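These notes concern the structure reproduced below.
The values are calculated or read from the model by the stated rules, or taken from the named source; none is laboratory data. Since we're looking at a predicted model, the values are computed, not measured. Note that each Cβ is placed from the backbone with ideal geometry, even for glycine, and that neighbours are counted across all protein chains shown. These accessible areas exclude ligands, DNA and RNA; they are computed on the full protein's heavy atoms, side chains included. Shrake-Rupley method; radii C 1.70, N 1.55, O 1.52, S 1.80 Å.
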Amino acid sequence: MTYTPNSLVKSFNESATLTIGARAKKLASEGKSIINFGLGEPDFKTPDAISKAGYDAALGGATKYTAVPGTPELRSTIAKRLTEDYGVSFLPEEVCAANGGKQSIFHLFQVLLEPGDEVIIPSPYWTSFPEMVKMVGGVPKILSPKGPRLKARELSEAITPRTKLFILNSPSNPSGLYFLEDELKSFADVLHENKIWVMSDDTYYALVYAPQRWTSILKLKPELRERTCVIGSSSKSYAMTGWRLGWAVGPKPLVDAMIKVQGQVTSSPSSVSQAAVVAALTSENHWAAEFRDRYSKRRKVVLEALRAIPGIQVPEPEGAFYAFFDLGQRIPADKVTSFCGDLLENYGVCLIPGEAFGCPSFARLSYCLDEDQIIEGVKRLGKAIAEWRA
Ligand code: PLP
């Protein structure tokens, strides 16, 4: 008998970024010259000292299951790192490490949401948020701000009696937007007053560009602590995507529930990756800051190149490594996805269409490439736009 997708599988879309990225990799493996701005993945190698810590751990016999939420050493290292960086104190027992931040987010939704619960997700949003909400029977409520930055009043108006959770992702994938302290504070007041849970997805917190500096919503409104789950990851800040190690940090009863789920689903994350992440987070070497400085230089190159294309509106990213720009003056919103397909197949440039992030006239460019490739890729993009016919 052939397989028929069940109602769960039918309820959500596959990851657009992974699908397009896979196509770009396939074309490259066939020998085509591809500039891949698609994947949200550092091009840097994991620093050798981090890899060595993983290697040494494996040779030393750390190849067994660990406790479900991670080794005591990893949990206390994450708690300590966040306590220092956030200026808010966290305890090891409030930490659950998992196979990537993605897994932590999914487990959070599983233990928090009841069917029909609404989750407010400001757009543009990371493509996996609404799909994961749907997978557990929740209802994603996309909040599209009128202007470029979400206002507390808009957040307040989006709240209904069914609202359970607000997703904050700053710096943001896909836009690189980073909320300033007074913006965060105004959101925090609304969320606290309405007793809404918060998922603060801080995957890119170490990649905030000067003159801005990282501030957590929890520092500004400690009262939110009992209803906030922080999500973090080693993937982007330490160039460790393949190690698959992320974490959730929140109130102990919530984290205990996530551990209960994880214990039945995957048990602990990889023992070797855990050892490597301890090295990453405790090191005197400020790898994340070094990577951030290198991205910051690339950001300049990207902005200059993109802004030279007539009719392209490019806001300056304040964090992460994405440029998210409006093609609307040159390409109608309902044609951006097919334009991106044409761009990949005929010009060898991979961009992610904004439809995947709730903004159909936009496209996302990940500048995890060296400067020459960035310049060549944006040149090809300019040519494709100039030659585009509906
Ligand atoms: N959150 C955001 C906003 C992301 O962009 C990503 C990865 O792209 C993740 C979470 C998950 O990262 P990982 O599962 O690699 O830790």
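Here is how the numbers come out for the structure above:
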| item | result |
| --- | --- |
| Residue-normalised accessible area of segment 63-281, given per residue in Å² at a 1.4 Å probe | 38 Å² |
| The chain: most fluctuating residue of Phe12, Phe324, Phe129 per GNM, C-alpha cutoff 10 Å | Phe12 |
| Of the trypsin sites (Lys or Arg not before Pro) in segment 1-63, those whose Cβ has at most 11 other Cβ within 10 Å and which sit in DSSP loop | Lys45 |
| Value of relative contact order over the chain, rounded to a whole percent, pairs C-alpha under 8 Å and six or more apart | 23 percent |
| Dipole in debye (nearest 20) - the chain, about Cα centre, beta carbon charges: Lys, Arg +1; Asp, Glu -1 | 400 debye |
| Under 12 Å, Cβ to Cβ, from Arg298 - net charge with Lys/Arg +1 and Asp/Glu -1 | -1 |
| Of all accessible heavy-atom area on the chain, the percent that carbon and sulfur account for (1.4 Å) | 54 percent |
| Longest site-free stretch - the chain; sites: GluC sites (Glu not before Pro), DSSP loop, at most 14 other Cβ within 10 Å | 31-283 |
| Loop-resident sites, segment 37-101, for chymotrypsin sites (Phe, Trp or Tyr not before Pro), counting at most 13 other Cβ within 10 Å (DSSP) | Tyr65 |
| Ser267/Ala58 FRET efficiency (R0 22 Å; Cβ-Cβ; nearest 0.05) | 0.80 |
| Within segment 63-281: Cβ-based charge dipole about Cα centre, in debye rounded to nearest 20 (Lys, Arg +1; Asp, Glu -1) | 260 debye |
| Probe 1.4 Å - accessible area at Asp43, Å² to nearest ten | 70 Å² |
| Linear extension gain, Lys151 paired with Glu93, 0.36 nm per residue minus alpha-carbon span | 17.4 nm |
| Gaussian network model of the chain, Cα within-10 Å springs - most flexible of Ala333, Ala308, Ala24 | Ala308 |
| By accessible area with a 1.4 Å probe, ligands and nucleic acids excluded, highest first: order of Asp117, Asp334 | Asp334, Asp117 |
| Label-point gap, in nm, between Lys260 and Thr4 - each point 7 angstrom along Cα→Cβ | 3.4 nm |
| Residue among Val119, Leu143, Gly31 farthest towards the positive dipole end of the chain, charges placed on Cβ | Gly31 |
| Set of lysines near Lys219 by C-alpha distance (under 30 Å), chain-local residues within fewer than 8 positions excluded | Lys80, Lys102, Lys141, Lys146, Lys151, Lys164, Lys185, Lys195, Lys236, Lys252, Lys260, Lys297 |
| Relative contact order %, segment 63-281, counting alpha carbon pairs below 8 Å whose residues are six or more apart | 29 percent |
| Formal net charge of residues neighbouring Ala356 (Cβ-Cβ distance under 13 Å; K, R +1; D, E -1) | -2 |
| Inverse of mean 1/r across different Cα pairs in the chain, Kirkwood, Å | 21.7 Å |
| Relative contact order %, segment 1-150, counting alpha carbon pairs below 8 Å whose residues are six or more apart | 19 percent |
| Proximal charge balance of Leu168 [Cβ under 10 Å; K/R count +1, D/E count -1] | -2 |
